[in-house]
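Colleague: Here's a structure for you.
The values are calculated or read from the model by the stated rules, or taken from the named source; none is laboratory data. Since we're looking at a predicted model, the values are computed, not measured. As a convention, Cβ positions derive from the backbone with ideal geometry for all residues, glycine included, and neighbour counts pool all protein chains shown. Please note that ligands, DNA and RNA were not included when accessible areas were found on the heavy atoms of the full protein model with its side chains. Shrake-Rupley method; radii C 1.70, N 1.55, O 1.52, S 1.80 Å.
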Amino acid sequence: MTKAQVELPQLSPLVDRLAASLLARVKEQELQNPLLVGIHTGGYWVAEALRKKMQVNWPLGGLDISFYRDDFTKKGLNPRVKPSNLPFATEDQHLILVDDVLMSGRTIRAAMNELFDYGRPASITLVTLLSLPGRELPIQPDLLGQELHLVSGQRVKLSGPDPLELNLINVQQGDSQ
């Protein structure tokens, strides 16, 4: 049986929409000097694209949450683990946490756990490019590019950074993002 082909959205309009929404939110909430934190790797790429589109010089840091994942003992260590790089203090700061695809919520939970190890932020705004069904934790994005519904066993992977492209992939059941 052939799986239905899902049409993936174009990235440029998603980034444009997210950038406009993020600028509006920062202004509305009067966030002073927000800090961008991208989750390795796709979230970091999206954060870079947003920063460029918004033409802001907000500091940008990156998180590799591999050691904070709750499935670390099941899956083992990702061979491409990189150290997190937060070139700023997070204590009492307004953080904008950026990821490419939100599905189960476990990656975001791990990212927040790591962020709190660096200090207690004043706030965290979650920005994701795409949201897929399959939440296992009560985590929702504050700003979202688009919600996407896929056929069972399909996932979306962002490749990049230049150019950024969305790709449809088939996965084994039990994999979560």
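Colleague: For the chain, what is the accessible area per residue in Å², given a 1.4 Å probe and the full set of protein chains?
Modeller: On the way: 9680 Å² over 177 residues.
Ligands and nucleic acids excluded, the figure is 55 Å² per residue.
Colleague: Okay, next question. Given a 1.4 angstrom probe, I'd like the percentage of the accessible area of the chain that is carbon and sulfur, rounded to a whole number.
Modeller: Working: 4680 of 9680 Å².
So the carbon and sulfur contribution to the accessible surface is 48 percent.
Colleague: Of the labelled options [x] 15.9, 53; [y] 18.9, 54; [z] 37.3, 104, which one gives Rg and Dmax of the Cα atoms in Å as computed for this structure?
Modeller: Computing Rg and Dmax of the Cα atoms in Å and matching it to [x] 15.9, 53; [y] 18.9, 54; [z] 37.3, 104 gives [x].
Colleague: Consider a paramagnetic label point 7 Å from the Cα of Ala122 along Cα→Cβ; state which residues of the stretch 37-60 have an amide N under 16 Å from it.
Modeller: So the set is 37, 58-59.
Colleague: Hey, another quick one. First measure r as the distance between the Cβ atoms of Lys53 and Ser152, then evaluate 1/(1 + (r/R0)^6) with R0 = 30 Å and state the FRET efficiency to the nearest 0.05.
Modeller: Details: r = 34 Å, r/R0 = 1.12.
Here the calculated transfer efficiency is 0.35.
Colleague: Between Leu168 and Ala24, what length in nm is gained on full extension when 0.36 nm per residue of separation is reduced by their alpha carbon distance? Numbers along the way, then the final one.
Modeller: Details: separation 144, 0.36 × 144 = 51.84 nm, distance 3.10 nm.
Stretched out fully, the Leu168 to Ala24 stretch lengthens by 48.7 nm.
Colleague: What does the charge count around Gln32 come to, taking other residues whose C-beta lies under 14 Å from its C-beta (Lys +1, Arg +1, Asp -1, Glu -1)?
Modeller: Working: positive: Arg25, Lys27; negative: Glu28, Glu30, Asp92.
Summing Lys and Arg as +1 and Asp and Glu as -1 gives -1.
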